[in-house]
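> Next up is a structure, given as structure tokens.
The values are calculated or read from the model by the stated rules, or taken from the named source; none is laboratory data. Because the structure is a prediction, the values reported are computed rather than measured. Cβ placement follows ideal geometry from the backbone for every residue including glycine, while neighbour counts extend to all protein chains displayed. Remember, those area values only see protein heavy atoms, side chains included, never the ligands or the DNA or RNA. Shrake-Rupley method; radii C 1.70, N 1.55, O 1.52, S 1.80 Å.
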Amino acid sequence: MKTVFKKPHALTDTPFHYCPGCTHGIIHRLVAEALDELGLEGDAIGVAPVGCAYNNYEYFNCDVQQAAHGRAPAVATGIKRVHPGKIVFTYQGDGDLAAIGTAEIVHAAARGERITTVFVNNAIYGMTSGQMAPTTLLGQVTSTSPTGRKPELHGYPINICEMLATLDAPVYIERVASNSVKNINSAKRAIKKAFEIQRAGLGYTIVEVLSTCPTNWGMSPIESMKWLEENMIKRYPLGVFRDRTAEAKASAAAGAGVGAGNGAGAEAGAAGGASAAAVAGNGAGAEAARAGQEARNG
Amino acid sequence: MAERLLMKGNEVIAEAAIRAGCRHYFGYPITPQTEIAHYMAKKMPEIGGTFIQAESEVAAINMVYGAAGAGARAMTSSSSPGISLKQEGLSYMACAELPAVIVNIMRCGPGLGGIMAAQADYFQAVKGGGHGDYHLVVLAPNSVQELYELTVEAFNIADRYRVVAMILGDGMLGQMMEAVQFKDSEDIRKCDKGWATTGTGLERPHNVITSIDTVPERLEAVNNRLQARYRDIAANETRVEAINCEGADIIITAFGTVSRIIKNVIADAEKEGVRVGLIRPITLWPFPSQAIRDYSAGAKAVLSVELNAGQMVEDVMIALAGAKPVYFLGRTGGMAPTQLEIVGKIKDILGRAS
């Protein structure tokens with residue numbers, strides 16, 4: 001008998017609790033497949049958020065710490081400084097990361113912590129039943145913006161990737177989406193790349209994944225996918241906002257005096273304290289950020 | 001030969017933590033504890049440790065959460081307003097059963113208050129501080145030497161019981177320079193941390209550090225486990241110093257800096273023919289209730305002297321359960337009672353002309 005499809009080893013056998021049509025399940029699977037394919041499950045330590053994915057440790061087979069609301073990047077910082085050779089990732093939603101946890105995400109990124117953030121943006125608070133999020137679109141109806149998000153009342157959505165791309169330290173920042181086969185494949189490539197960068201000890205990486213919340217959006221799963229495509233991507237353009245992998249590799253190699261191999265890179269980084277990548281120039285990132293800005297304005 | 005050095009209290013806390021095997025310190029600047037961070041910033045890189053000046057006290061305590069959950073001896077320090085910000089993290093750590101040490105070099109409040117010494121965070125320290133049913137182990141040194149010894153011990157207690165241990169000092173103690181006698185080697189009692197997140201290596205089931213459980217039966221079991229542990233701590237770790245209590249007319253209860261004033265009050269009162277005893281709780285939680293009952297058995301009254309508006313006095317009253325009249329003398333805002341003031345209060349209580 002030929003096996004054509006199986007569950008990644010990095011996922012447990014526990015069935016997901018997520019609502020029908022929610023893409024957390026897809027994104028969990030992508031993270032797990034990336035860990036499997038890179039052989040990193042045994043080295044991985046995840047940090048779970050507060051929000052719908054609060055208990056993702058029921059699903060990930062690797063070690064996991066559950067963090068207070070928004071504090072995952074600080075918790076991940078503590079873990080990574082104890083185990084610089086391990087792969088530490090946070091998995092956070094938009095309320096967790098872009099509202100209550102803005103200080104922690106900005107400063108973990110600014111320090112160039114060698115961690116990876118998987119940022120799931122569905123433009124709403126899911127777990128507490130559909131309140132306005134920092135990433136809620138203008139005009140979007142939620143339980144706390146019942147007549148639609150209005151700039152004069154609620155301000156504007158926050159574009160996290162573009163904001164973090166103004167910092168010097170991050171090595172890799174990309175926004176992807178979970179609404180089509182093409183986008184899902186692209187999302188997996190991005191998550192894998194982020195883990196590879198971390199494995200090489202090069203610096204901070206974040207992948208924002210646009211996702212859906214059919215339950216709180218009040219739409220069918222298919223309508224939700226369309227809404228994401230037609231509305232969210234306009235506000236949150238997909239693409240790479242920073243990729244300084246090559247510079248960081250060169251910098252790490254020069255700094256360590258040896259090749260930036262997996263172990264060596266991580267060790268050199270841990271010993272050196274400040275990231276070699278952190279001092280790299282910010283030309284490429286600024287360009288990407290500008291491109292993103294233009295795409296958004298357009 | 002063990003070193004005897006003249007050092008500042010805050011620096012001794014940092015040195016003691018390093019001697020206890022702490023290699024991960026996370027903090028945020030606030031007076032009057034900042035020398036701890038200065039010392040760590042200088043020393044940690046020299047010994048392969050981690051010093052991070054976090055973006056906030058909230059971030060710092062969560063870095064401690066992560067490092068403690070990863071199996072390391074980790075510490076943070078702050079002063080009153082900063083400790084308030086760390087309460088969320090402390091509550092989470094209590095439920096996730098993470099061992100760590102936190103230092104509160106108290107200033108006076110409420111609010112931003114002032115930077116002078118006070119003991120007004122007693123309630124916050126011993127009653128939990130954050131939400132939920134939990135306790136920190138609270139150690140209250142009264143000298144630079146004790147800052148050293150109790151900081152080392154705090155790491156051992158934290159590891160043994162998987163709890164957070166707090167060093168509760170005040171600005172006077174943190175800023176004071178005194179001789180400290182370091183040991184040649186520390187009594188570091190390491191515990192197996194098989195529960196820590198270190199990566200499974202694909203060789204064991206995954207470890208999970210969490211403070212949430214939405215199933216009531218299971219969460220009650222977690223609470224029962226914590227409470228059983230607190231009972232063990234109370235049975236094994238309660239510490240108290242008693243001076244001059246036998247035959248005393250009156251017993252004074254005082255902790256930390258204030259207890260040093262009382263040692264002089266004992267001599268002053270003796271000259272006036274009044275025998276004063278001192279009971280100094282060294283652990284504020286667990287509280288030495290039995291010692292307070294025992295040592296005050298022959299006295300006419302008990303007086304609690306504190307740098308606050310009356311906090312530990314409540315635990316003294318609970319301990320005595322009406323067996324003795326209990327009085328209170330306190331100063332706030334960074335003021336401290338004088339020996340004369342305390343002797344006057346004693347004479348009032350005993351019905352003698354002052």
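> Angle between the Cα long axis of helix A:181-199 and the longest principal axis of chain A, 0 to 90 degrees, nearest 10?
It is inclined by approximately 30 degrees.
> Now a separate question. For B:Leu112 and B:Lys347, what is the calculated FRET efficiency with R₀ set at 45 Å and r taken between the beta-carbons, to the nearest 0.05?
0.75
> Also, I was wondering about something else. Can you list residues from other chains, or at least 5 along the same chain, whose modelled amide H is less than 5 Å from the amide H of B:Val138?
Placed amide hydrogens put B:Met166, B:Leu284, B:Trp285 under 5 Å from B:Val138.
> Here's something else I'd like to know. Please give the calculated 222 nm ellipticity per residue for chain B, where each DSSP H segment of at least 4 residues contributes -39500 (n - 2.57) and the sum is spread over every residue; nearest 500 deg cm²/dmol?
Mean residue ellipticity, 222 nm, calculated: -12500 deg cm²/dmol.
> Excluding residues on the same chain fewer than 8 positions from A:Lys249, give the lysines whose Cα lies under 28 Å from its Cα.
A:Lys80, A:Lys86, A:Lys188, A:Lys192, A:Lys193
> If the cut-off is 18 Å between C-alpha atoms, which lysines fall inside it for B:Lys86, apart from same-chain ones fewer than 8 positions away?
Result set, ordered by chain and number: B:Lys127.
> Once the convex hull of the C-alpha atoms of the protein assembly as shown is built, how many Å³ does it hold per residue, rounded to a whole number?
Residue-normalised Cα hull volume stands at 180 Å³.
> Under the √(5λ) rule applied to the eigenvalues of the Cα gyration tensor, what semi-axes describe the equivalent ellipsoid of chain A? Give them in Å, descending.
Gyration-tensor ellipsoid for chain A: 30, 23, 17 Å.
> Report for chain B the percent antiparallel among DSSP-assigned beta bridges with both residues inside it, nearest 5.
30 percent
> To the nearest 20 debye, what charge dipole does the range A:32-111 have about its Cα centre, counting +1 at the Cβ of each Lys and Arg and -1 at the Cβ of each Asp and Glu?
Details: 5 positive and 10 negative charges, 104 e Å.
In debye, rounded to 20, the range A:32-111 gives about 500.
> Moving to a separate point now. Using a Förster distance of 35 Å, how high is the FRET efficiency between A:Glu230 and A:Thr14, based on the Cβ-Cβ distance and rounded to 0.05?
After rounding, the FRET efficiency stands at 0.55.
> Here's a follow-up. Can you give the FRET efficiency to the nearest 0.05 for B:Arg189 and A:Ser143, using r as the Cβ-Cβ distance and R₀ = 60 Å?
0.70
> Step by step: find N for the range B:149-292, compute 2.2 N^0.38 Å, then divide the Cα radius of gyration by it. What's the final number? All intermediate terms of the calculation are to be shown ahead of the outcome.
Working: Rg = 21.2 Å, N = 144, 2.2 N^0.38 = 14.5 Å.
Working it through for the range B:149-292, the quotient is 1.46.
> Next question. Can you divide the C-alpha Rg of the range B:4-237 by 2.2 N^0.38 Å and report the result to two decimal places?
0.98
> I've got another one for you. Amide H to amide H under 5 Å from B:Ser304: which residues, 5+ apart in sequence or cross-chain, H placed 1.01 Å off N in plane?
The answer is B:Thr253, B:Tyr327, B:Phe328, B:Leu329.
> Looking at the protein assembly as shown, send over the antiparallel percent of its DSSP beta bridges, to the nearest 5.
Antiparallel bridges make up about 25 percent of those DSSP assigns within the protein assembly as shown.
> So the label point goes 7 Å from the Cα of B:Leu219 along Cα→C-beta, right? Which residues of the range A:90-131 then have their backbone N under 18 Å from it?
A:127-129
> Please turn the phi angles of the range B:191-208 into ³J(HN,Hα) values with the Karplus equation 6.51 cos²θ - 1.76 cosθ + 1.60 (θ = phi - 60°), one per residue in order, whole Hz, x for glycine and proline.
Karplus values, whole Hz, x for Gly and Pro: 10, 5, 10, x, 7, 6, 7, 10, x, 6, x, 6, 10, 8, x, 5, 9, 10.
> Taking B:Lys183 as the anchor, which lysines have their alpha carbon closer than 29 Å to its alpha carbon, excluding any fewer than eight residues away along the same chain?
Answer for B:Lys183, where 29 Å is the Cα cut-off: B:Lys8, B:Lys42, B:Lys43, B:Lys193, B:Lys263, listed by chain and number.
> What is the average number of partner chain Cβ atoms found within 10 Å of a Cβ in B:192-201?
If you average over the peptide's residues, the count of other-chain Cβ atoms is 5.
> Follow-up question, since we're still on this one. Pop out the Kirkwood hydrodynamic radius of the range B:241-353 from its pairwise C-alpha distances, inverse of mean 1/r, in Å to one decimal. Present the calculation step by step, with values, prior to reporting the outcome.
On the way: mean 1/r = 0.0731 Å⁻¹.
For the range B:241-353, inverting the mean 1/r across all distinct Cα pairs yields 13.7 Å.
> In the range B:241-353, what percentage of the DSSP-assigned beta bridges are antiparallel, given to the nearest 5?
Antiparallel bridges: around 20 percent, rounded to the nearest 5.
> Whole-Hz Karplus ³J(HN,Hα) for the range A:162-178, in order, using 6.51 cos²θ - 1.76 cosθ + 1.60 and θ = phi - 60°, x for Gly and Pro?
Each residue's phi maps through the Karplus curve to give 4, 5, 5, 6, 7, 8, 6, 6, x, 8, 8, 9, 9, 10, 10, 9, 10 Hz.
> Quantify how strongly other chains surround peptide A:78-91 by giving the mean number of their Cβ atoms within 10 Å of each of its Cβ atoms.
Across the residues of A:78-91, the mean count of other-chain Cβ atoms within 10 Å is 6.
> What residue among A:Ala165, A:Ala32, A:Ala253 shows peak mean-square fluctuation when chain A is described by a Gaussian network model with Cα springs under 10 Å?
A:Ala253
> Pop a pseudo-label 7 angstrom from the Cα along the beta-carbon direction at both B:Ala228 and B:Ala297 and give the gap in nm to one decimal.
3.3 nm
> From the C-alpha gyration tensor of the range B:66-161, pull out the three semi-axes of the equivalent ellipsoid (sqrt of 5λ each), sorted largest to smallest, in whole Å.
21, 17, 11
> Still on this structure, please answer the following. Report in % the part of the accessible area of the protein assembly as shown that belongs to carbon and sulfur, leaving out ligands and nucleic acids; probe 1.4 Å.
Ligands and nucleic acids excluded, carbon and sulfur reach 55 percent.
> Next question. Around A:Val88, which amide H atoms from residues at least 5 apart in sequence, or from another chain, sit under 5 Å from its own amide H, with H modelled in the peptide plane?
A:Ile45, A:Thr116
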